[in-house]
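Structure first, then comments.
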Amino acid sequence: MDCLYDVLKSIAKEYHETPEQILKNVQETIDDAFQNPDPAVQEAWSRIPYRGARPEAGEFLLLLAEMIQREQFAS
């Protein structure tokens, strides 16, 4: 998770925010997207592993990073 925090610090610096605010913004976006009633969106969420009632921002960002990395190595 330290690597994630380093990335968040870099993004926060670029956007003149704190890492905590960036993470909060990501969580708000996840929460909004998670509530989308579109069946295709809900089906996509069903394929994403997460703990708890809905994805947590840090866990989700790490999952996305892992997916991107796997895709890059598969190419």
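Key figures for this structure:
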| item | result |
| --- | --- |
| Whole-Hz ³J(HN,Hα) from phi, Karplus 6.51 cos²θ - 1.76 cosθ + 1.60, for segment 51-59, glycine and proline x | 9, x, 6, 7, x, 9, 3, x, 4 |
| Backbone HN-Hα couplings from phi across segment 61-70 [Karplus 6.51/-1.76/1.60, Hz, Gly and Pro as x] | 5, 5, 5, 4, 4, 5, 5, 5, 4, 4 |
| Tilt relative to the chain, helix 2-14 - C-alpha long axis, 0 to 90 degrees, to 10 | 70 |
| Gaussian network model of the chain, Cα within-10 Å springs - most flexible of Pro55, Pro19, Pro39 | Pro39 |
| Normalised contact order of the chain, rounded percent, pairs of Cα under 8 Å and 6 or more residues apart | 29 |
| Correct option for percent of Cα pairs over 14 Å apart [calculated from the coordinates] among [x] 67; [y] 59; [z] 63 | [x] |
| Solvent-accessible surface (1.4 angstrom probe) belonging to Val7, in square angstrom, nearest 10 | 70 |
| Virtual paramagnetic centre 7 Å along Cα→Cβ of Leu4, amide N under 14 Å, in segment 37-73 | 49-52, 54-67 |
| Share of carbon and sulfur in the accessible heavy-atom surface of the chain [1.4 Å probe, %] | 57 |
| Accessible area expressed per residue, segment 1-67, with surrounding protein chains retained (probe 1.4 Å, Å²) | 72 |
| Coil-residue trypsin sites (Lys or Arg not before Pro) of segment 1-69, DSSP, other Cβ within 10 Å capped at 11 | Arg47, Arg51 |
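The values are calculated or read from the model by the stated rules, or taken from the named source; none is laboratory data. As the structure is a computational prediction, the values presented were derived from the model and not from experiment. With ideal geometry, Cβ positions are generated from the backbone for all residues, glycine too; neighbour counts draw on all protein chains shown. Heads up: the accessible areas ignore ligands, DNA and RNA and are worked out on the full protein's heavy atoms, side chains in. Shrake-Rupley method; radii C 1.70, N 1.55, O 1.52, S 1.80 Å.
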